[in-house]
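Okay, structure first, notes after.
The values are calculated or read from the model by the stated rules, or taken from the named source; none is laboratory data. In this text, all values refer to a predicted model and were calculated from it rather than measured experimentally. Because the Cβ atoms are built from the backbone with ideal geometry, glycine has one as well, and the counts that use them run over all protein chains shown.
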Amino acid sequence: MKIALTGLPFSGKSTLFHSLTAGKQADAAGAAEHLAMVKVADPRLNRLADMYKPKKKTNAAIEFLDVPGLDFSTDAGRADAQRHIATLRQTDALVVVLRAFEDPGVFAYRDRVDPEADWREINSDFLLTDLQTVTNRIDKLEAQLKKPSRTKEMARELELQKRCAEALENERPLSEIVHDPEEQKMLRSFALLTTKPVVVVRNLGEGQMDAPPPWPAQITQDAAATLDLAATLEAELAELDAEAEAEFCKELGIEEPAVNRLTRACFTACSQIVFFTYGEDECRAWPIAAGTHAVDAAGEIHSDLARGFIRAEVVHWSDFAELGDMKFAREAGKFRLEGKTYVVQDGDLITIRFNV
Ligand SMILES: Nc1nc2c(ncn2[C@@H]2O[C@H](COP(=O)(O)OP(=O)(O)OP(=O)(O)O)[C@@H](O)[C@H]2O)c(=O)[nH]1
Ligand SMILES: [Mg+2]
C-alpha cells in the first residue's frame, strides 16, 4: 500500500514524513520525492509480543511518499504541480496536510493561514484534473461508438463516465459514487485522484493542541478521516527512544504519538484490516483487504497454506484480551474452527491447519 503526503507548499509534509520515519529519511524539499516503509503501530500486536516474547515482531507496513508542495500560485509552480499530481495518481490513498500553525518565520502560501481555503484550493484542482480525464474519455468513447467496431462495454463505460462527470461538476469526489467493484475496475486504469481515500491532517501549532478549532464541515464531508497534530511536536517525539517517548507523551497528556493514529487512519481509509499469527518465533500482523476469505488470508502467509488448507483456528483479539491468556480463551470455548470461505475479521488471531 502506497500513500502520498501532499498539500500546499510549507504545510509541514516533510516534517510529518520525518516523524513517521523517525528522522531516518532525507528531506523532500525541492524536486526530490522520498519514500519510506512505515510500521502501522498496533497496541494489540505489542501485547501479543509481550506475552510470547517472540524472536521477531512484524507490524503491518505502509509505504509513505513525501511529495513536494503543490504551488498553484505561479505558472512555474503549476507546471511542477502537474508532475507531482502524476505521482499522486500512482498511489492508493492521499494524506493532505493543511497548515494551521501561525509562525511569521515560515512562508505563508498566498499570505494566509487558512486550512479551509487551502483545502478548497487543493480539492478543486483534484476535481478539475479528474474532470479533464473523464471528459477526454467521454469524447473518445462517443467517437468510438459511432464506428462499426463499437461494443456493449463501450456503451456501459460511457454511461459510467457521464455519471462521473456529473458528480465532478457538482464538486463531489468519485469515491462517493463509485462503489461497485466492476465499475471500480473499469476506472482503474485512469488513476483518478478523487477515487482515492483522503485523510486530511491539520498541522496545528503546539499551543493549539489543547483546544483545536472545530473542523470545517466541508472538509469532514469530503475526507475519509480527519486528524489534528503538531508536526514539530511529532518530529521531536520521533527522535526519542521508546522510554523517553512514553514519558514525553505522559507529560503531554496523550497516550501515543499522533503519527500512530495517522498510520491506523490511513490503513482503515484503504479498507485494510489485519489478522495476527502468534508464537515464540514470530508475532505478526498481516494486512489484508476487508472481506478476504480465510483461504486467501492463509495464502498471504504461504501459498502452501492456501493449497493444503483444512481449517483456520480462530480466536478474536477481544476474547483473548478479555480473558488475558490463550489457555483461558480456549477453556472458555472462544476458539473456533472456520472453513475456507470464512470472512476474516480485523483482530482475528489465526492458526492455519493444513496438509500438503
Ligand atoms: N511553527 C511551526 N513550524 C512548522 C510546523 N510544521 C512545519 N514547520 C516549519 O515549516 C517549514 C516547512 O516545513 P516542511 O515540513 O518542510 O513543509 P513541506 O510541506 O514539506 O514544504 P514543501 O515540501 O516545500 O512544500 C519548516 O521550516 C518547518 O520547520 C509547525 O507545526 N509549527
Ligand atoms: Mg517537503
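Conditions: (1) within 12 Å of ligand 2 (Cβ to nearest atom); (2) at pLDDT 90 or above; (3) small (Gly, Ala, Ser). Ser19 meets all but one. Number of the miss?
Just one mismatch for Ser19, condition (1).
Within region 260-356, which strands (runs of 3 or more DSSP E) (wholly inside it) include 1 or more residues that are charged (D, E, K, R)? Even if it seems obvious, please write down each step before you answer.
Working: elements: 272-277, 282-289, 309-316, 336-338, 348-354.
Ranges flagged: 282-289, 309-316, 336-338, 348-354.
Kindly provide the set of residues from region 188-228 that are without any contact (Cβ under 8 Å) to a residue 40 or more places away in the chain, within 16 Å of ligand 1 (Cβ to nearest atom) and closer than 21 Å to Phe126 by Cα, ordered by number.
Of everything in region 188-228, just one residue is without any contact (Cβ under 8 Å) to a residue 40 or more places away in the chain, within 16 Å of ligand 1 (Cβ to nearest atom) and closer than 21 Å to Phe126 by Cα, namely Leu227.
Pairs please, first residue from region 156-183 and in the same structural domain as Pro197 (by TED's automatic domain parsing) and surrounded by 12 or more Cβ atoms within 10 Å (Cβ to Cβ), second anywhere and among the small types (Gly, Ala, Ser) and modelled with pLDDT of 95 or more, Cβ atoms under 9 Å, 6+ apart in sequence or on different chains.
Here the result reads Glu171/Ser124; Pro173/Ala167; Leu174/Ala167; Ser175/Ala224; Glu176/Ala167; Ile177/Ala167; Val178/Ala167, each pair linking region 156-183 to a residue that is among the small types (Gly, Ala, Ser) and modelled with pLDDT of 95 or more.
Scanning for something outside any helix (DSSP H, G or I), in the same structural domain as Leu8 (by TED's automatic domain parsing), at pLDDT 95 or above and within 23 Å of Ala86 (Cβ to Cβ), does region 145-155 turn up at least one residue?
Taking every residue of region 145-155 in turn, none turns out to be outside any helix (DSSP H, G or I), in the same structural domain as Leu8 (by TED's automatic domain parsing), at pLDDT 95 or above and within 23 Å of Ala86 (Cβ to Cβ).
Just checking, which of Leu88, Leu98, Leu127 is within 16 Å of ligand 1 (Cβ to nearest atom), in a helix (DSSP H, G or I), buried (at least 18 other Cβ atoms within 10 Å of the Cβ) and not small (Gly, Ala, Ser)? I'd like the intermediate steps shown before the answer.
Details: Leu98 fails: in a helix (DSSP H, G or I); Leu127 fails: within 16 Å of ligand 1 (Cβ to nearest atom).
Checking each option against the conditions leaves just Leu88.
Phe107 passes all but one of (1) surrounded by 14 or more Cβ atoms within 10 Å (Cβ to Cβ); (2) within 16 Å of ligand 2 (Cβ to nearest atom); which number fails?
For Phe107, the exception is condition (1).
Inside region 301-335, can you point out the residues that are surrounded by fewer than 16 Cβ atoms within 10 Å (Cβ to Cβ) and either closer than 11 Å to Phe275 by Cβ or modelled with pLDDT of 95 or more (or both)?
His302, Ser303, Asp304, Arg307, Gly308, Ile310, Glu313
If Leu8 satisfies every condition in (1) within 12 Å of ligand 1 (Cβ to nearest atom); (2) in a helix (DSSP H, G or I); (3) not hydroxyl-bearing (Ser, Thr, Tyr) but one, which is the exception?
All conditions are met except number (2).
Between Glu313, Glu322, Glu256, which is outside the structural domain of Phe335 (by TED's automatic domain parsing), at negative phi and not hydroxyl-bearing (Ser, Thr, Tyr)?
Values: Glu313 fails: outside the structural domain of Phe335 (by TED's automatic domain parsing); Glu322 fails: outside the structural domain of Phe335 (by TED's automatic domain parsing).
Every option except Glu256 fails the conditions.
Listed residues Thr220, Thr194; which is assigned to a helix (DSSP H, G or I), away from ligand 2 (no atom under 16 Å from the Cβ) and surrounded by 20 or more Cβ atoms within 10 Å (Cβ to Cβ)?
Values: Thr220 fails: surrounded by 20 or more Cβ atoms within 10 Å (Cβ to Cβ).
It is Thr194.
Restricting attention to region 264-279, does a residue exist that is in the same structural domain as Asn46 (by TED's automatic domain parsing) and closer than 25 Å to Tyr52 by Cα?
yes
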